[in-house]
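A.B. asks: Attaching a single structure in structure tokens format; questions to follow.
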Amino acid sequence: MFFQKQKQDFWRDITTFGGAYFYFTLVLLFFAVGKTNFALKLTAGFFVIYFTAIIIRLFYFKNRPKKESYDNLLGKIDASSFPSVHSARVVFLALTLSEFSDSFQVKVSLLLFIIAGAVCYSRIAIKKHYWIDVNGGIFLGLISFIIMNRLY
């Protein structure tokens, strides 16, 4: 029982690397160090991911593994499982940051993709998503990265 709780806490903590607070902390950090264009690219990617996910969830509702109740449209969008926005954010972030890092690029990229993989798995481990939701999020993050690279 103790180890099960520890395991759940571990995956809950890992999933924060795909969360909006962590994401915008990085955005603010890049603004603070004068990397304005990069921070704007991250911000634009964030909104592309969110708007796309909202549109998908408006037309296709899929319950989460642990069903969440809702009583309005915004609650229903948040309760929908497909695609995983955490997965989309962390994949977009890993791709964008790995492109940004010039020195030690292979080591940094490897670390970023290990973290991204752990976050994607964490969404399943804490029963927020199924594999198909995570795969949809990975695809959304990749497409958002491609779009942002064409714009920035």
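The values are calculated or read from the model by the stated rules, or taken from the named source; none is laboratory data. The structure displayed is predicted, hence computed values, not measured ones. Cβ sites come from the backbone with ideal geometry, for glycine too, and all protein chains shown count toward neighbours.
A.B. asks: Can you name the residue in region 90-130 that is of a type in the set (Ser, Thr, Tyr) and part of a loop (DSSP other than H, G, I, E, B) and is also surrounded by the fewest Cβ atoms within 10 Å (Cβ to Cβ) among such residues?
C.D. replies: Step one: of region 90-130, the residues of a type in the set (Ser, Thr, Tyr) are 96, 98, 101, 103, 109, 121-122, 130.
Those still in the list that are part of a loop (DSSP other than H, G, I, E, B) too: 101, 103, 130.
Details: 101: 14, 103: 6, 130: 18.
Among those that are of a type in the set (Ser, Thr, Tyr) and part of a loop (DSSP other than H, G, I, E, B), it is 103.
A.B. asks: Here's another thing I want to ask about it. Of the numbered conditions (1) surrounded by 14 or more Cβ atoms within 10 Å (Cβ to Cβ); (2) within 19 Å of the chain's Cα centre (by Cα), residue 13 satisfies every one except a single condition; which is it?
C.D. replies: (1)
A.B. asks: What do you reckon, is residue 125 in contact with a helix residue (DSSP H, G or I) (Cβ under 9 Å, 6 or more places away or on another chain) and at pLDDT 95 or above?
C.D. replies: On the way: in contact with a helix residue (DSSP H, G or I) (Cβ under 9 Å, 6 or more places away or on another chain): yes; at pLDDT 95 or above: no.
No: the conditions fail for residue 125.
A.B. asks: Here's something else I'd like to know. From the list 46, 61, 24, which residue is closer than 30 Å to residue 132 by Cα and in a loop (DSSP other than H, G, I, E, B)? Show your work before the answer.
C.D. replies: On the way: 46 fails: in a loop (DSSP other than H, G, I, E, B); 24 fails: in a loop (DSSP other than H, G, I, E, B).
Selected residue: 61, the only one of 46, 61, 24 that is closer than 30 Å to residue 132 by Cα and in a loop (DSSP other than H, G, I, E, B).
A.B. asks: Considering every residue within region 6-21, establish whether at least one is at pLDDT 95 or above and among the polar types (S, T, N, Q).
C.D. replies: no
A.B. asks: Separate question: Give me the pairs, please: first residue somewhere in region 103-118 and over 15 Å from residue 13 (Cβ atoms), second residue anywhere and of a type in the set (Ser, Thr, Tyr) and at pLDDT below 95, beta-carbon distance under 8 Å, and either six or more positions apart or on two chains.
C.D. replies: 105/98; 108/98; 108/101; 109/98; 109/101; 112/98; 113/98
A.B. asks: From the list 71, 78, 133, which residue is modelled with pLDDT under 95, within 17 Å of residue 51 (Cα to Cα) and either surrounded by 17 or more Cβ atoms within 10 Å (Cβ to Cβ) or out of contact with any strand residue (DSSP E or B) (no Cβ under 6 Å at 6 or more places or on another chain) (or both)?
C.D. replies: Values: 71 fails: within 17 Å of residue 51 (Cα to Cα); 133 fails: modelled with pLDDT under 95.
The conditions single out 78.
A.B. asks: Go through (1) surrounded by 14 or more Cβ atoms within 10 Å (Cβ to Cβ); (2) not in a helix (DSSP H, G or I) for residue 34 and report which single condition fails.
C.D. replies: (1)
A.B. asks: Name the pairs whose Cβ atoms lie under 6 Å apart, with the first residue in region 52-65 and touching a residue at least 12 places away in the same chain (Cβ under 8 Å), the second of a type in the set (Val, Ile, Thr) and loosely packed, with under 14 Cβ neighbours inside 10 Å, and 6 or more positions between them or separate chains?
C.D. replies: If the second residue must be of a type in the set (Val, Ile, Thr) and loosely packed, with under 14 Cβ neighbours inside 10 Å, no pairs are left.
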